[in-house]
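Shown next, in structure tokens, is the structure this report addresses.
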Amino acid sequence: MSTHRRRPAGRARPAAAMSRRAPLLLLLLLWYSLRPADSARGEAEALLRWKASLLAPAGALASWSLNGSTAPCAWRGVSCDSRGRVVGVDAAGAGLAGTLGALDLAALGSLASLNLSFNALAGPLFTANVSAPLVSVRSVDLSNNSLSGPIPATLPAYMPNLELLNLSSNQFAGEIPATLAKLTKLQSLVVASNHLAGGIPAVLGNVSGLRELELSSNPLGGTIPAALGKLVSLERINVSLTQLESTIPIELSLCTNLTVIGLAGNDLSGGLPPSLAKLTRVREFNVSKNMLTGEILPDYFTSWTDLRVFQADGNRFTGTIPPEVATASKLEFLSLATNNLSGAIPPVIGRLTSLMVLDLSENEFSGTIPRTIGNLTSLTTLRLYDNKLTGRLPDEFGSMTALQRLSINTNMLEGELPAGLTRLPNLLSIVAFDNLFSGTIPSDFGRNLSIFSMSNNKFSGGLPAGLCNTPRLRYLSLDDNHLSGTVPACYRNFTKLVRFRMARNRLSGDVSEILGSHPDLYYFDLSGNLFDGQLPEHWAQFKSLSYLQLDGNKITGAIPASYGALIALEDLGLTSNRLSGTIPPELGELPLLKLDLSHNMLSGQIPLAMGNVTRMLRLDLSGNRLDGGVPVELTKLAHMWHLNLSRNNLTGSVPALLGRMASLQELDLSGNPGLCGDIAGLDSCRLEPIRSASRRHIVRRRIILVAGVVSAAALLASAVAVACALARRRRRAGKDSTDTTASGSAAALTTASIWGKDAEFSFGDILAATEHFNDAYCIGRGSFGSVYRADLPGGHSLAVKRLDASETGDACWGISEKSFENEVRALTRVRHRNIVRLHGFCAMGGYMYLAYELVERGSVGKVLYGAGRSCERFDWAARVRAIGGLAHALAYLHHDCSPPMVHRDVTVNNVLLDPDFEPRVSDFGTARFLAPGRSDCTSVAGSYGYMAPGKGTELHRNGGIVPCTALLLTDSGTLVAELAYLRVTTKCDVYSFGVVAMEILMGRHPGGLISSLHSRLPYTSEQGVGARAGEPMLLKDAVDQRLDLPSGQVAGQLVFAFVVALSCVREDPEARPTMRNVAQELSARRLSVLDRPFAAIRVSDLTSSQG
């Protein structure tokens, strides 16, 4: 018998079961241990495939390689979780070029963050096919690339849990997908600086967790949706530069967490909403460069206690600076520039001790600068220019030790500069031209000064030697003062000098000792002084010099031939000196536009090389001792419009081609008895006298003496008057005189020319671009002149109107002259995006010229009635926008101009359209200012079919209606003249606007409809189109039949625009709305919704709705 006892059978089964499960557990453990490795390999391979697809993988991705390892966690820019799965890829600024097409995000199942910003990636965003949502992705930053195409509407399905999306600074186009509202966890949406259009989707207001909305620098258009007021978590909103046209919605005041509000660079109108004062956390507020009106609200400053930035420049605000501004004690940036603010600068401004930038320029501020401004010891930039400030600069300016830039020009400030001002250690620039400062210029200057501009003041004494302590000086302008003495020798050490202007003072000394080494010198003007000596050879080293003016000094000697090395020189003026010798042929190698060597003692012949200066516009060699003939080479100067060779000793035959140069407008050869030729004012070179009958066939060029200068104190008014008067003289001279006498006495004519300060072209450029107003460039003709297209170098395109009284006869001359004056007076006072811009005007050679911006599509009439399919491209949305733009333009003329202006000729031919169908009001020839205290009765002006009938201005005769504006009757009722006088009010323009608006919507003149309204007769389909005769006209049959019927929001906008237009053509002027009301209503009803189908609306319904 064995001594071992057998185990119970039940106890043996667990051990057996365990032994059987061991292999299975081992396999499971092995599978789990291998899974991260397999996942890592798949992720690594996905990233490497994308790297291989890039055009030129940068060195930043050099670590992206297997090299025996399968884990990408060690690669640069790749981050993993604790289990080795890729959760982040950051290759920002890695120099990557290529597309996202090969990036398989589905292989990166745990990816939470993707940052590929600041590269050169192109192509579309992500594939639109969604195989499986990437639920782990929380953040995507692809900003600052070149990605293009639309933002996929399927993005929310692809990445449903996105919290941050940054696609800014790319090339994305199309609309912002409304489906983005499905990203319920989205906190930051940044799509700035793209090409997105189609407005701001109102459904974005449903993304309740959104904290940042950045849409700036996109051509979105439309309005600011009121629905954004539902974003109670929103902290930052920036919709600047997005072409918005609306008021600021009061609903924004519901976003109580807002800290940054950016609405700049749009077409926002109306006032600042008082309700925004409820937003107590605002730190930055920017509404600059809009069309906002009203006053700066004091409650903003008292409520926004954490305010740091307040920008409201470039609007139409009125009133004063509220003293409550001082309560915003943390304010660092305050800009109220370019408005209509007035009154004094409040002394409480000195309490804003944190201010770093204060800009109050281009307003109507008056009074003195408060002494408390010296308390702003943190201020770096102070701009007060272009106001009406008076008095002295406070001595406290010397306490503003952080000040870097000071601009106080164009005021009426007087007295001496505070001594402490120029010594400020950080001062970089002082710009104080156009004031009344006097005394001597302080002698001490800080070492950092770069710009010192004090032109057009009353400074006296010598030039400050203390400027020599400013080695960084680049711009030195002291022209038009009373300075005397010599130029300090140390000025030769200003090696960084770019502009040196000392004209019209009493400075003296040897001109050759002024300049040293200045490699960047571009502008040098010493004209109107007492400098003597000779022109130095070493000036030929100034390879950047473009403008050299030494007129009106006592400089002697010859013009150095070495000046032919001044390869950038475009304007050389040496007139009225004592120069002698010959004209160096080397000057013919320069890129000169203007050369004036007149009134010297130059001798010899005109160099043939002058014919090489093909860009020359003005050449004046008059009043010298030049001999020989007029070189035929001068006729190669195809852009030259002014040539004066008078009062020399020139002889021989003048080249016949000179008289046929298309560009040449001013030619003076008088005072050269030895010249002859077939040009007016010269004896013929033929032996036999020429009979007057044959003289008609000779090419004539009037000799014009340029004399007369427009006074700077009354520049605009004088220029207009001179221009018109001279054009009249030119015409009369052409009518009354036949041929100039052989003695050379010619009709003298003064020319007047005024160009905008931003004009980068001259009248000579226009002559060259139109080939002397060749008919090939004519784009339109009117009663008193023609319009030409001028495509100038640099990409500028102009529409140039040329008025010629000789074509209209004496009976119409006064009208043409008045039209020119009105156009100039009106357009030099207005600035509005929907009003055509006048770049300049002049009178020359018997013509009057007006140069406007070119508006590509031409007039509304041309688009509606011209050949082609332009009217179809002018769709309903564009037509409604055009009507709104026209309304804003007229509202500006009536309510924002001072005094108010009435256009008086608003027609479809005087409203132009740009490529985007934005309107521009033009043709202000009949415009009138409604100045207080003046009679507002005037002669009839306007176009038939657009003039308001007015109350009591119609005569019923023989059963018909005849406008009294066209009739003058005797007591017996006999018609004696077509002339009348009417009372001018803004309601005349309102009526014309209504006609134009209806014409835009109807595609034809609405005369029949308007007549039925005034006669109280129903407007039936017999008068319209598209329905059975005698039935009430449906709106769908009244509107332009060439377009499909409108639908949705556009249909509602069209109906409302029609209602507004009907209210504007009411017979009683007092019953018509103002243009301000019209513009505001059209802006406020951008989201109009119809209460019935568009096809069921009758015209009579609209007339009853507008009362």
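Among the residues making up segment 267-293, those that are hydrophobic (A, V, I, L, M, F, W, C) and over 13 Å from Asp896 (Cβ atoms) are Leu268, Leu272, Leu276, Ala277, Leu279, Val282, Phe285, Val287. For segment 110-208, which fully contained strands (runs of 3 or more DSSP E) count at least 2 residues that are assigned by the TED database to the domain that holds Leu96, out of contact with any Lys or Arg (no Cβ under 9 Å at 6 or more places or on another chain) and under 25 Å from Leu244 (Cβ atoms)? It comes to 146-150, 164-166, 171-175, 188-190, 195-197.
Can you tell me how many residues in segment 211-231 are part of a helix (DSSP H, G or I) and open to solvent by 10 Å² or more (accessible area, probe 1.4 Å)? Walk me through how you get there before you give the answer.
Residues of segment 211-231 that are part of a helix (DSSP H, G or I), as a first pass: 226-230.
With the extra rule that they be open to solvent by 10 Å² or more (accessible area, probe 1.4 Å), the set shrinks to 226-227, 230.
Number satisfying all stated conditions: 3.
The set of residues in segment 1050-1085 being among the charged types (D, E, K, R) and farther than 19 Å from Pro1006 by Cα consists of Glu1070, Arg1076, Glu1081, Arg1085. Pairs linking a residue in segment 137-162 that is within 12 Å of Ala181 (Cα to Cα) to a residue that is outside any loop (DSSP other than H, G, I, E, B) and open to solvent by 30 Å² or more (accessible area, probe 1.4 Å), with Cβ atoms under 6 Å and 6 or more positions apart or on different chains, are Ala153/Thr179; Pro156/Thr179; Pro156/Lys182. The selection criterion, being open to solvent by 10 Å² or more (accessible area, probe 1.4 Å), more than 16 Å from Leu643 (Cβ to Cβ) and not in a loop (DSSP other than H, G, I, E, B), does not hold for Ser576.
Within segment 298-317, the set of residues being open to solvent by 20 Å² or more (accessible area, probe 1.4 Å) and out of contact with any Leu (no Cβ under 7 Å at 6 or more places or on another chain) comprises Pro298, Asp299, Thr302, Ser303, Thr305, Asp306, Val309, Gln311. Evaluate the following for Thr651: is it farther than 18 Å from Leu602 by Cα and among the polar types (S, T, N, Q)? So Thr651 does not fit the description; no.
Count of segment 431-441 residues, restricted to those that are within 15 Å of Gly466 (Cα to Cα) and surrounded by 17 or more Cβ atoms within 10 Å (Cβ to Cβ), is 1. Picking from residues in segment 884-907 that are at pLDDT 90 or above and closer than 22 Å to Gly866 by Cβ, the one that is surrounded by the fewest Cβ atoms within 10 Å (Cβ to Cβ) is Thr907. Looking across segment 123-146, the residues that are modelled with pLDDT under 95 and not polar (S, T, N, Q) come down to Gly123, Pro124, Leu125, Phe126, Ala128, Val130, Ala132, Pro133, Leu134, Val135. Does any residue of segment 390-403 turn out to be within 24 Å of Tyr300 (Cβ to Cβ) and either open to solvent by 60 Å² or more (accessible area, probe 1.4 Å) or basic (Lys, Arg) (or both)? No: zero hits.
Residues checked against (1) within 27 Å of Thr390 (Cβ to Cβ); (2) outside the structural domain of Leu521 (by the TED database):
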| position | (1), (2) |
| --- | --- |
| Pro442 | yes, yes |
| Arg447 | no, yes |
| Phe452 | yes, yes |
| Arg474 | no, no |
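Here's a check for you: in segment 31-69, which residue that is buried (at least 17 other Cβ atoms within 10 Å of the Cβ) and outside any helix (DSSP H, G or I) is modelled with the lowest pLDDT? Checked segment 31-69; the qualifying residue modelled with the lowest pLDDT is Pro57. Scanning segment 232-270 for residues that are open to solvent by 10 Å² or more (accessible area, probe 1.4 Å), assigned to a strand (DSSP E or B) and either among the acidic types (Asp, Glu) or under 27 Å from Tyr892 (Cβ atoms) (or both) gives Asn238, Ser269, Gly270.
Screening Ala92, Ala106, Ala102 for residues that are in the same structural domain as Leu48 (by the TED database), assigned to a helix (DSSP H, G or I) and not β-branched (Val, Ile, Thr) leaves exactly one candidate, Ala106.
For residues that are hydrophobic (A, V, I, L, M, F, W, C), in contact with an Asp or Glu (Cβ under 7 Å, 6 or more places away or on another chain) and in a loop (DSSP other than H, G, I, E, B), tally how many sit in segment 423-452.
Initial filter on segment 423-452 (hydrophobic (A, V, I, L, M, F, W, C)): 424, 427-428, 430-433, 436-437, 441, 445, 449, 451-452.
Now drop any that are not in contact with an Asp or Glu (Cβ under 7 Å, 6 or more places away or on another chain), which leaves 436-437.
Narrowing further to those that are in a loop (DSSP other than H, G, I, E, B): none.
Final tally of qualifying residues: 0.
The values are calculated or read from the model by the stated rules, or taken from the named source; none is laboratory data. Quick caveat, the model's predicted, so the values are computed rather than measured. Every residue, glycine as well, gets a Cβ built from its backbone with ideal geometry; the counts of neighbours run over all protein chains shown. To get the accessible areas, we keep the full protein, side chains included, count just its heavy atoms, and leave off ligands, DNA and RNA. Shrake-Rupley method; radii C 1.70, N 1.55, O 1.52, S 1.80 Å.
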